[in-house]
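> Sharing a structure below in structure tokens format, with a few things to ask.
The values are calculated or read from the model by the stated rules, or taken from the named source; none is laboratory data. None of these values were measured; they are calculated from a predicted model. Here the Cβ positions follow ideal geometry from the backbone for every residue, glycine too, while neighbour counts run over all protein chains shown. Quick note on the areas: whole protein, heavy atoms, side chains included, nothing else; ligands and nucleic acids left out. Shrake-Rupley method; radii C 1.70, N 1.55, O 1.52, S 1.80 Å.
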Amino acid sequence: MRFSVFSSGDFHVNHRPLIRFVLIYNTGALAWNGDLLASGSRDRMIFLRDTRTPLVIPEKKMPGHRQEVCGLKWSPDNQHLASGGNDNKLFVWNSRAVAPLQTYSEHMAAVKAIAWSPHQHGLLASGGGTADRRIRFWNTITGRPLQCIDTGSQVCNLAWSKHSSELVSTHGYSQNQILVWKYPSLVQIAKLTGHTFRVLYLAMSPDGESIVTGAGDETLRFWNVFSKTRSTKETKSALNLFTRIR
């Protein structure tokens with residue numbers, strides 16, 4: 001994937017340029033933190049850019065991964081950045097460090113899915129690829145691993161509920177499903193089916209009640225996963241407001 005951000009030298013708002021020009025090739029992950037933009041790519045490097053600084057000031061480089069960086073996520077307090085890579089590693093950084101503060105090596109496949117808990121400070125969840133299939137939880141304050149569960153399929157995305165201690169995961173080979181978990185018991189409280197290929201994309205609505213998922217089957221599906229009326233039974237997607245747009 002190529003990532004480009006363009007600015008116009010003539011277009012200003014209140015005499016300030018809207019955005020500067022950055023060009024990155026083969027970018028696999030992006031994460032905003034106010035005016036800071038973290039990016040990770042196939043060159044194994046994480047770059048941290050302050051969009052307020054002049055272009056002549058070089059971006060900060062954060063080396064550590066030995067293969068492509070495929071996941072980035074800032075903590076809720078914006079103090080720490082978690083990164084996952086095709087080297088099966090999960091790193092935790094702060095914006096001032098040039099080396100990872102913490103390294104977690106328990107995953108047996110690429111780490112793309114990363115999510116910080118908005119309810120418990122320092123709680124981080126990560127998901128592994130096809131050869132791993134596990135969601136792991138970490139206490140980044142102590143640096144200790146917590147729970148782990150084998151989901152049975154590739155973990156593509158993770159997102160915490162804004163309102164309760166629940167977590168949604170999307171999956172690829174071989175189930176192509178969406179699961180909702182209760183934390184810390186890790187009881188599966190919902191299974192959402194309908195996609196026929198890997199569920200590669202996940203976004204949450206502003207109110208925190210609904211999600212939209214995108215998959216290789218060329219569909220978008222909308223789900224009420226964190227609403228009070230959510231059923232604990234398996235839910236099959238059908239074509240209506242909270243199911244599929246083609």
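> Using a 1.4 angstrom probe and counting only protein chains, how large is the accessible area of His121 in Å², to 10?
130
> Quick one: length gained pulling Ala203 to Leu186 fully straight, 0.36 nm per residue minus the C-alpha distance?
My answer for the length gained is 4.0 nm.
> What is the calculated FRET efficiency for Lys61 to Ser174, with r their C-beta to C-beta distance and R₀ = 30 Å, to the nearest 0.05?
Plugging the Cβ-Cβ distance into 1/(1 + (r/R0)^6) gives 0.20.
> If I stretch the segment between Met45 and Thr193 completely, what's the gain in nm (0.36 nm per residue apart, minus their alpha carbon distance), one decimal?
Result for the pair: 49.7 nm of gain on full extension.
> Quick one: order Thr51, Thr170 from most to least accessible surface, probe 1.4 Å.
Highest to lowest solvent-accessible surface, that is Thr51, Thr170.
> Another question about this same structure. How much length, in nm to one decimal, is gained on full extension between Gln120 and Leu101, taken as 0.36 nm per residue of separation minus their Cα-Cα distance?
4.9 nm
> As a test question: what accessible area, to the nearest 10 Å², does Ile149 have when a 1.4 Å probe is rolled over all protein chains in place?
40
> Now a separate question. Please list, by residue number, every one of the chymotrypsin sites (Phe, Trp or Tyr not before Pro) in region 154-226 that is coil in DSSP and has at most 15 other beta-carbon atoms within 10 Å.
Here the chymotrypsin sites (Phe, Trp or Tyr not before Pro) that fit, given the DSSP loop and packing criteria, are Tyr173, Phe197.
> So how much accessible area does Arg52 have, in Å² to the nearest 10, using a 1.4 Å probe?
It works out to around 140 Å².
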